[in-house]
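Novice: Sharing a structure here in structure tokens format.
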Amino acid sequence: MTYTSSPGPCGPPNRSPGASGPCEPEPCTAGPFLPLHTALVLLTAIVIGLIVAVLTFLSGTSAAGAALAGLLSTGAGIPVLRTLIG
């Protein structure tokens, strides 16, 4: 019994089900997982959020309130940093 399928990541399809040999992975040709701009914006927003959270906690607010303030400042900073860092 023979079958035909589309070429897979290892080249042309096998003609018989039992003839599958070792498959060598091809080198990745896609771009990076995160572009440099996105990584820089997210990292900067996280650092700002941590600073806000620590300062809020040191001012006498509970840990939950400080974490919420840090998360909110991180989320609010992302669109601003995206436009500033270009």
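Values quoted throughout were computed directly from the atomic coordinates according to the rules given, and no laboratory measurement underlies them. In this text, all values refer to a predicted model and were calculated from it rather than measured experimentally. Quick reminder, even Gly has a Cβ in these numbers, built from the backbone with ideal geometry, and neighbours come from all protein chains shown.
Novice: Please compute the modelled spin-label separation between Thr38 and Ile51, points set 7 Å along Cα→Cβ, answer in nm with one decimal.
Specialist: The modelled label-to-label distance comes out at 2.5 nm.
Novice: Could you sort 42-50, 77-85 so that the peptide with the highest average Cβ count within 10 Å comes first and the rest follow in order?
Specialist: With the highest mean Cβ count within 10 Å placed first, the list reads 42-50, 77-85.
Novice: Give the Cα extents of the range 37-86 along the principal axes, in whole Å, largest first.
Specialist: Computed over the range 37-86, the largest-to-smallest principal extents equal 37, 13, 13 Å.
Novice: Ok, one more. Return the sequence-ordered ³J(HN,Hα) values of the range 45-56 in whole Hz as given by the Karplus equation 6.51 cos²θ - 1.76 cosθ + 1.60 applied to θ = phi - 60°, using x for Gly and Pro.
Specialist: 5, 5, 5, 4, x, 5, 4, 5, 5, 5, 5, 5
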